[in-house]
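Note sheet for the following structure.
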Amino acid sequence: MAVADLDLDLDVFAGPFDLLLAVVLREEVSLLELQLGEVVVAYVDHLEESGELDLEVATEFLVLIASLLELKSRLMLPREEEGIEAMKPEEAVEELLARMLEYRRYREASGVLVERFEAERPYLYRSAPLPANLRRVAVDAAVAVYDPQRLGTAIGDLLREPEEVDVSHIRPTVSLQRRLRVLRDALERRPSFDFDEEFGKEDRLTQAVTIFALLDLYSKGEVTWEQKENFGPIRVLRGTGVAAA
């Protein structure tokens with residue numbers, strides 16, 4: 001529960017706590033007649049009934065009560081101090097209002113900081129402590145860990161360009177589905193084409209998989225071919241769409 005929702009039933013006032021602050025600031029209720037101890041007792045009774053303690057709300061209540069007590073003490077003991085002019089009641093009211101507004105600004109700022117902290121929690125930097133053997137070691141007492149010549153050789157090896165990796169032993173992989181798409185794209189561009197002119201520059205593995213793809217399309221009736229003589233050029237033609245028996 002917020003402090004503003006605290007209901008009070010006093011001799012000179014009855015209502016919520018925020019209304020009490022408003023009438024005090026407007027001087028409709030004199031602080032000299034207001035028993036602030038009864039306000040504290042009412043708040044403590046509410047805490048016992050609810051059984052919960054919100055630190056933020058409790059802090060807000062303590063700040064407001066402390067400000068009211070200071071203002072009331074100045075009204076009860078009006079005396080001039082050396083070198084300090086006595087504060088008038090209207091000035092005391094203005095100071096109380098300024099303190100309440102300042103406290104509100106700090107409370108809102110703390111809420112923004114809490115939200116940013118929670119949002120940035122996964123990105124907090126966490127550093128490991130310095131090893132015990134390296135603590136309080138003077139620079140003059142430090143010794144080189146690596147030999148300078150050995151360190152220079154290691155850095156020189158890093159600057160040297162590595163030799164090109166030989167990948168000649170790796171056999172290329174050819175997908176049957178990909179060759180099917182290649183054949184279909186070729187037949188969409190033109191009704192027929194020469195197999196050697198289209199795929200003659202590719203490696204033997206790719207040509208073999210292309211032949212298997214051609215047989216698959218032939219079984220579905222999508223393509224057919226012509227070869228006038230053995231080992232002669234193969235002419236691939238667009239099929240009629242009827243599956244071959």
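Where a number appears in this text, it was derived from the coordinates with a stated rule and is not lab data. All values derive from a computational prediction rather than experimental measurement. Glycine also receives a Cβ, built like all others from the backbone with ideal geometry; neighbour counts cover every protein chain displayed.
Mind listing the long-range amide H neighbours of LYS220? Cut-off is under 5 Å, sequence gap 5 or more, other chains count too, H placed in the peptide plane at 1.01 Å from N.
Sorted by chain and number, the residues that satisfy this are ALA244.
In what sequence, highest mean first, do 177-188, 223-234 appear when ranked by Cβ atoms within 10 angstrom?
177-188, 223-234
For GLU102 and HIS169, compute 0.36 nm times the residue count separating them, minus their Cα-Cα distance, and round to one decimal in nm.
Contour length minus Cα-Cα distance gives 16.5 nm.
Can you tell me the FRET efficiency between THR59 and GLU33 if r is taken as the Cβ-Cβ distance and R0 is 45 Å, rounded to the nearest 0.05?
Using R0 = 45 Å, I get an efficiency of 0.95.
So between LYS220 and ASP185, what do we pick up on full extension, going 0.36 nm a residue minus the alpha carbon distance?
Extending this stretch completely gives an extra 11.0 nm.
On full extension of the chain, what length is gained from ASN133 through LEU205, given 0.36 nm per residue of separation minus the C-alpha to C-alpha distance?
So the chain would gain 19.6 nm between ASN133 and LEU205.
What's the FRET efficiency of ARG116 with ALA22 using the Cβ-Cβ distance as r and R₀ = 30 Å, to the nearest 0.05?
The formula returns an efficiency of 0.35 here.
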